[in-house]
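Asks: Could you have a look at this structure, given as structure tokens, before my questions?
Just so you know, all these numbers are worked out from the coordinates, no wet-lab data involved. Nothing here was measured: the structure is a model prediction, and the numbers come from that model. All Cβ positions, glycine included, derive from the backbone under ideal geometry; neighbour counts span all protein chains shown.
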Amino acid sequence: MKRSSPWDEPVQNPDSSSNDIPLPITSIDLTSQDILIRRAEIYQEYMKQIPIPSQRGSVIPFNSWMGLGKSIKQLYGQPLHYLTNVILKQWDQLRLNSKDEYKPLDNLIHPTKAEATIWLMEEVHRQTSSHFQIAELWKLDPMYNCSVDAIFPTLEKHCETS
Amino acid sequence: MSKLNQNDANHESIKNEIKKHEDNLKFLNSQSNRLAESILDLQVSLGRYHSCSVITPDNESGSSNTEDDTAEQILKKENSAAGIFCWLKANAQTSNLALEKDAVGVVATLARVESDELSRILSEYLGLQTMLAIVCSTNEGVNALEKYNPEGTINCNAGLHGIGSSIKRKVNGRFAVICLEAFRQELTSKPRKDTIHGALFRPYVGGFVANDPQKKLAIPKPRFPNEECPAGFIDYAVNMLYLESNNLSFVTSSGHGLRETLFYGLLSGLQVYRTRNEMMSALPCIDEGAVSLDGGMIKKNGMFVLGSRKDVEVKFGIVSGRSGVVPPNYSQAEEVVRRLKWESTKLAEDIQREQQLLDHLKAKSADKVA
């Protein structure tokens, strides 16, 4: 919706069409399929290396799936997979305008069950996803990096590469 | 296969893996360099227009407050965290990387407003502690500001306290720090009235005004049941803040700007009215607080703040009148810079991941040889 601004727009010189600032096309290059595939491969290989925590005694109260995801990331110091983050966001979106939208989520789903579900999803995504498919999804989602966590745990020495 | 052959095969395969990771790193670094060049080119082009624009000094009101005044006001508060922080920024030669890299700035310096009355009432609404709050991008920035001894007391030789003591200043009492990572985009169809676990601030979920270089938030105007807008309503406070281009270009790690994270978190749907009477007449439309330019104030929680107004020592600066010739795609170019800088951060994260994989592999192969 268009609203008037409280202050003046900058003065535009009618003859300045030739003075346009040249915009680079680098941003287009970054989303080229080859580059995306390569970056997705790097990402998937990295995520595959991170072991799913085996000792999980936590019970985390939560009011949204993304909130629970954030708490899990802080508690275990691990990133969650792009695909997991996307699903958590979708689950929160699915609640909009539902009858129980304002009920605390942990009243509806037990925190232990919720956390276990997230870890199961995470394991599936880390171990079985194809980087080609991830690249396809990234192509459709230019802001995909919003769902890529900038958390870098120490990789354990006993991890095997694929 | 004999054991020796098997070892050779493994060694060969690890060598190939290492080469693959090194190639990946070369690829990522070259992408990163190309991005950096594009950003620099654009910034140089944009910078040309900054120096062209003519700034007309505000001579009309004796109490006018430019951005420099705000910085001066903060520096005057010598024994405050914000004062020490601003001193640090001004004296770049003593740059402390961890602290400075992550910090965005002091709240009062991150925006300006159109008029002195608005500056006074908004600064008073937020309060001195919030106006002096230091804004950090991540929790690492927050942790860099203050460190603790094993017994739990503050370590005065580290963080901001350490810098303060090196310039003979001491941080007196408490100071606020806002971490932009706390602003998670939670999707709700309407604002929640109950407290949300873990969310310090409610982030903005909604659209932006189209084609607006200031990227103001598209919040529906308050209306009475007869569809009329309350008399005296000017705008939402969050949209009356003017962000400089460097602050406009700033994005959080999730790609959002300062207005919809920091300022919406602090001000939410605070409404601004011309007079107190008009504000009081519009009470049924006031959801998240309101202020009036003549001193009326209703807090977000519905509390009325009566009595004489008390100016806060640190206020938002006033926008100075500018006239300049800018090319038509100026704001588009600014948007591109914003986007490229964000992509550049994300690429750096990919580089970090790949480096970690390479180091891990090298360590593993060294173990095997040993």
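Asks: For residue A:102 and residue B:167, what does the FRET efficiency come to when R0 = 35 Å and r is the distance between their Cβ atoms, rounded to the nearest 0.05?
Replies: Once rounded, the FRET efficiency stands at 0.10.
Asks: Could you calculate the FRET efficiency of residue A:90 with residue A:56 from 1/(1 + (r/R0)^6), where r is the beta carbon distance between them and R0 is 25 Å, rounded to 0.05?
Replies: Approximately 0.60, to the nearest 0.05.
Asks: At 7 Å along Cα-to-Cβ for each site, give me the label-to-label distance between residue B:344 and residue B:11 in nm.
Replies: 4.4
Asks: Give me the distance in nm between label points sitting 7 Å out from Cα along the Cα-to-Cβ direction at residue B:283 and residue B:208, one decimal.
Replies: 3.8
Asks: State the extension gain, in nm to one decimal, for the chain segment bounded by residue B:304 and residue B:363, taking 0.36 nm per residue of separation less the distance between their alpha-carbons.
Replies: Here the answer is 14.9 nm.
Asks: Additional query: Would you please classify the overall shape of the range A:56-147 from the alpha carbon gyration tensor, given that a ≥ b ≥ c denote the square roots of the eigenvalues, rounded means a/c under 1.5, and beyond that prolate means a/b larger than b/c while oblate covers the rest?
Replies: oblate
Asks: Sorted by packing (mean other beta-carbon atoms within 10 Å per residue), highest first, where do B:137-148, B:206-217 land?
Replies: B:137-148, B:206-217
Asks: Among all the lysines, which ones have a C-alpha under 28 Å from residue B:170's C-alpha, if same-chain residues fewer than 8 places away are not counted?
Replies: Residue B:170 reaches B:76, B:77, B:89, B:101, B:147, B:310, B:315.
Asks: Can I ask one more? Given 0.36 nm per residue, what is the gain on full extension from residue B:227 to residue B:36 after removing their alpha carbon distance, in nm?
Replies: Gain on extension, residue B:227 to residue B:36, equals 63.8 nm.
Asks: Another one. Using only alpha carbon pairs under 8 Å that are at least six residues apart, calculate the relative contact order of the range A:56-147 and give it in whole percent.
Replies: 38
Asks: Rank A:90, A:110, A:145 by how far each Cα sits towards the positive end of the charge dipole of the range A:56-147 (+1 on Lys, Arg Cβ; -1 on Asp, Glu Cβ) and give me just the farthest.
Replies: Highest projection toward the positive end goes to A:110.
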